[in-house]
1. Considering only the other residues whose Cβ falls under 13 Å of the Cβ of Gly274, what net charge follows from Lys and Arg at +1 and Asp and Glu at -1?
2. Mind listing which GluC sites (Glu not before Pro) in segment 125-158 are in a DSSP loop and have 16 or fewer other Cβ atoms within 10 Å?
3. Taking only the Cα atoms of segment 72-148, how large is their convex hull per residue, in Å³?
4. Determine the gain in length on full extension of the stretch Ile118-Ile186; use 0.36 nm per residue of separation and subtract their C-alpha separation, reporting nm with one decimal.
5. Could you compute the net charge surrounding Ser64? Neighbours are other residues with a C-beta less than 9 Å from the C-beta of Ser64; K and R count +1, D and E count -1.
6. Highest GNM mean-square fluctuation, the chain, Cα pairs closer than 10 Å: which of Leu69, Leu167, Leu123?
7. Which three extents, in angstrom, do the Cα atoms of the chain have along their principal axes, listed largest first?
8. Per 0.36 nm of contour for each residue apart, how much would the distance between Ile109 and Trp293 grow if the chain were fully extended, relative to their Cα-Cα spacing?
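Computed from the coordinates by the stated procedures, all read-outs in this text should not be read as laboratory data. Just so you know, these numbers come straight off a predicted model, no measurement behind them. Positions of Cβ are backbone-derived with ideal geometry, glycine not excepted, and every protein chain shown enters the neighbour counts.
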Amino acid sequence: MDFPYVFDQGSAQHRTYRLVGFGLLALAAIILPFVLPEFQVTRLNRVILMSVAILGLNLVVGYSGLLALCQSAFIAIGGFVTASLIMDHGWDYWMTIPASVFAAFAVGILIGIPALRIRGLYLAMATVAFAAAFPSLTKLEFWQIAERTGGANGREITEKMNPPSFLDGIFSSTEPARYRYFPIMIMGVLAFWLISNLVKARPGRAVIAIRDNETGAAVSGVDLRRFKVLNFGLSAALGGLAGVMWAMNSGFVAEQDYTFVLMVDLLVGLVVGGVGTISGAVLGAIVVVFGRWLCQNYFDYSLSSMIFLLLAVAAAMYVSRTQQEMGRKAMAFLGTFIALAAIGLALFAAVDIPGLYQLNGDGPLSQAIFGVVLIVVVFFAPQGIVGAVRKVRANFVQIRPVPPALPADAEPISVHFDPEIAHA
């Protein structure tokens, strides 16, 4: 078979290709919670809720082009409303979903209305201020806010999501994260399905048109105010849904969980995964959640080995620059880095260099290593991981768009070119 293999969009081969891809993803999603240990399943649940929150942030930043950075506050709204309705009013988790989502949506609409008049860095500063101030607002004493949120101590949700009795042979109450994974996964899949269809529909095209050219969109009849505000509210609603999933997963909400650090994680996940893409939200969440955990737990090496590792990355980058095609660049980088890393492992296993700083998960350099990894990812994939994957995939599979068929009674328009008239 000659590469790249070309599919006609909408053909039987294209549909089979998509079905196989989605089938493999679904199979992996079903198997993973039973293969991973319990604490990793909890982290996997966090990946799902973070991906939903990043998807909401992407609606505003990636599709609307508005630099609004307050998604962490909407997650907090969803989490605190869920905890209050369960503990103060006896609701269950499923009953709180529409209420929490609507509460976040309403706040998003209220913030989106002023966003019509400010943009750029001014909008970023205003939303950052809201995200940074919101955790402190949960500790206010009036209107019984501190009692409902738990104040500085947070609030535990005593109601647990235990599996029903007819699933006792599959799930165990001693490992609740495995059961919680499936409701959280279903909520995440529904959110991604709805947003994916919305982006392809008329409202999504209108929002993208506003991002690309406001004047052109307005001339085409797009109501700028309505679509901007509604998109902002929908982004906040996804944050509220992520807050409900957060409460389901941890059973505890506290203001220190929703600081601006969480907003930075969401923004990093958006950029690394791919701005303006649907699947990039999932990849970005995986990098943020599992990447940080890997750096904190598995970088237990000396400073000298870290220096060697950075030199190996620099050498691999230099070698990859000598190649022209993206596929060859990736292969050159991986081959060079793997070869140098193997040499480094053998060298440091044989030679002990005492007296140098020891790096471990609790050391001050663990976050620096995570930052270096992100810089390398952004350097090689400026359009995010999704953009890099698409470039590599284009070397093997390409989807050829098919123009829509003309009506049966349509007559093709032919233009006759007369060189004499053109010359005159």
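1. +2
2. On the way: sites: Glu141, Glu147, Glu156; in loops: Glu141.
Of the GluC sites (Glu not before Pro), the ones in loops of segment 125-158 whose Cβ has at most 16 other Cβ atoms within 10 Å are Glu141.
3. 89
4. Separation in residues times 0.36 nm, less the Cα-Cα distance, equals 20.8 nm.
5. After counting each charged neighbour, the total is +2.
6. Leu167
7. Taking max minus min along each principal axis of the Cα atoms, the chain gives 85, 64, 51 Å.
8. On the way: separation 184, 0.36 × 184 = 66.24 nm, distance 3.50 nm.
So the chain would gain 62.7 nm between Ile109 and Trp293.
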